[in-house]
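A.B. asks: Here it is: the structure, laid out below.
The values are calculated or read from the model by the stated rules, or taken from the named source; none is laboratory data. Quick caveat, the model's predicted, so the values are computed rather than measured. Heads up, the Cβs are rebuilt from the backbone with ideal geometry, glycines too, and the neighbour counts pull from every protein chain shown. To get the accessible areas, we keep the full protein, side chains included, count just its heavy atoms, and leave off ligands, DNA and RNA. Shrake-Rupley method; radii C 1.70, N 1.55, O 1.52, S 1.80 Å.
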Amino acid sequence: MGVYSITNFPVVFVEATADFTVSDFEKAPRYVTEWRRFLALEVADVLQGAPPLVVQLTWLSDGAAALGFGFSHCICDGIGSVEFLNLFAQLATGRRNGSSADFKPKPVWQRHLLDKTPFTLRQQPTQLLHPEFNRVTDHCKFMSRFTPDKLTPTSVTFDEWRLNELKHSINPTSQLRLLCTTFEVLSAYIWKSWATALDFPPQQNLKLLFSVDIRHRVKPSLPTGFYGNGIVLGCAQTTARNLTEKGLAYATELIKEAKNRVDNNYVKEVVESVSLNGASCVPDPVGVLVLSQWSRLGLEMVDFGMGRPVHLAPVCTDRYCILLPVDDHSRSVKVMLAVPSIAVDKYLDLLSDV
């Protein structure tokens, strides 16, 4: 294990071996933490001394290798982490697009661009305007369903034709069919299938939280190369009854509307709320499915000299849903999510019903 310092912050490098092969990553892990060994140290609270970055190179029994990265989300978001990884890979392999002197990356920190600025006093508290921060009534002991020992990881790949079928399943007379994105319709399908499989009480309020890139939604836009946290949470919300009984178009429209709400004023309100409320300004988990889109970050293009990755996955497959790229199939998406074991068969049946 090596420990290195970048501007007085320790960065940890670990080299390890594991009795795994590449083919072991073609399916979901058997339990939530099975792949945790591929990142031996956690990146937790950097203010309490945790390293902001951990890198682990694990040699597999078939001669392949797994590269694990742990970033502190205090420092960067997914887009920023991929920007760093690409530059790291260029340095590691000597690919500098010319001479060493020409290799002058220009990452942009400038976190002050998202500092709180003076706002007009609102009649309504900011949190009431942002459902992602509001609590909902718990009608079903929600969190007790999601302890790690009760979860079964799943991995489902949606090929391009299946994604097209999902779009076509929306009423052909609906304008939404022409306007919705792959992300919106796939997220709606996952959310609806998840809620149906878990059989929540009809009155239970449910939320889908997902990150929205704000780099070009704020005014002025954030500069090219900004690698800090340039995201806020979009929030689609409805009752379990409406989500499960109404059609796919209904959930898709909720997600599209949640994305469209994120504009310059929305971002300012979030910044204000976080500035005023600090650590307490965190979404309550009751009724929530969190979905993160890694499939369009460019992770599949990062090459450290051994070729591009053939599998990408989170170290822990838990109750957060991750959308991932698929090797050599740029229009396909792999969905990884751990579902309560009592509902996993129904969830997988619903996802396959396209």
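A.B. asks: Count, please, the residues in region 1-23 that happen to be at pLDDT 90 or above and surrounded by 18 or more Cβ atoms within 10 Å (Cβ to Cβ).
C.D. replies: Summing the residues that are at pLDDT 90 or above and surrounded by 18 or more Cβ atoms within 10 Å (Cβ to Cβ) in region 1-23 gives 1.
A.B. asks: Let me ask you something else. Would you call Arg261 closer than 29 Å to Val54 by Cα and of a type in the set (Lys, Arg)?
C.D. replies: Here the answer is no, as Arg261 does not meet what is asked.
A.B. asks: Now, a different point. How many of the residues making up region 309-354 are among the small types (Gly, Ala, Ser), over 22 Å from Leu248 (Cβ atoms) and in a helix (DSSP H, G or I)?
C.D. replies: Qualifying residue count for the region: 1.
A.B. asks: Considering only residues that are closer than 16 Å to Pro285 by Cα and either free of Cβ contacts under 8 Å to residues at least 12 places away in the same chain or open to solvent by less than 10 Å² (accessible area, probe 1.4 Å) (or both), which ones fall in region 199-219? Before the answer, list the steps.
C.D. replies: Taking region 199-219 first, the residues closer than 16 Å to Pro285 by Cα are 200, 204-211.
Those that are closer than 16 Å to Pro285 by Cα and either free of Cβ contacts under 8 Å to residues at least 12 places away in the same chain or open to solvent by less than 10 Å² (accessible area, probe 1.4 Å) (or both): Gln204, Leu206, Lys207, Leu208, Leu209, Phe210.
A.B. asks: Here's something else I'd like to know. Considering only region 198-247, how many residues are of a type outside the set (A, V, I, L, M, F, W, C) and assigned to a strand (DSSP E or B)? If you could, list the steps in order and put the result at the bottom.
C.D. replies: Let us first name the residues in region 198-247 that are of a type outside the set (A, V, I, L, M, F, W, C), namely 199, 201-205, 207, 211, 213, 215-217, 219-221, 223-225, 227-230, 234, 237-239, 241-242, 244-247.
Then drop every residue that is not assigned to a strand (DSSP E or B), which leaves 205, 207, 211, 213, 234, 237-239.
Number of matching residues: 8.
A.B. asks: Condition (residue is over 17 Å from the mean Cα position of the chain (by Cα) and under 30 Å from Leu91 (Cα atoms)) applied to region 339-347: is it met by at least one residue?
C.D. replies: So far as region 339-347 goes, no, none of its residues is over 17 Å from the mean Cα position of the chain (by Cα) and under 30 Å from Leu91 (Cα atoms).
A.B. asks: With respect to Gly307, is the statement that it is free of Cβ contacts under 8 Å to residues at least 24 places away in the same chain and under 30 Å from Asp327 (Cβ atoms) true?
C.D. replies: yes
A.B. asks: Of the numbered conditions (1) open to solvent by 20 Å² or more (accessible area, probe 1.4 Å); (2) in contact with a strand residue (DSSP E or B) (Cβ under 6 Å, 6 or more places away or on another chain); (3) over 27 Å from Val271 (Cβ atoms), Ala240 fails exactly one; give the number of that condition.
C.D. replies: (1)
A.B. asks: Test Leu337 against the criterion of being surrounded by 19 or more Cβ atoms within 10 Å (Cβ to Cβ), out of contact with any Gly (no Cβ under 8 Å at 6 or more places or on another chain) and either over 22 Å from Glu42 (Cα atoms) or aromatic (Phe, Trp, Tyr) (or both), and give yes or no.
C.D. replies: Working: surrounded by 19 or more Cβ atoms within 10 Å (Cβ to Cβ): yes; out of contact with any Gly (no Cβ under 8 Å at 6 or more places or on another chain): yes; either over 22 Å from Glu42 (Cα atoms) or aromatic (Phe, Trp, Tyr) (or both): no.
No: the conditions fail for Leu337.
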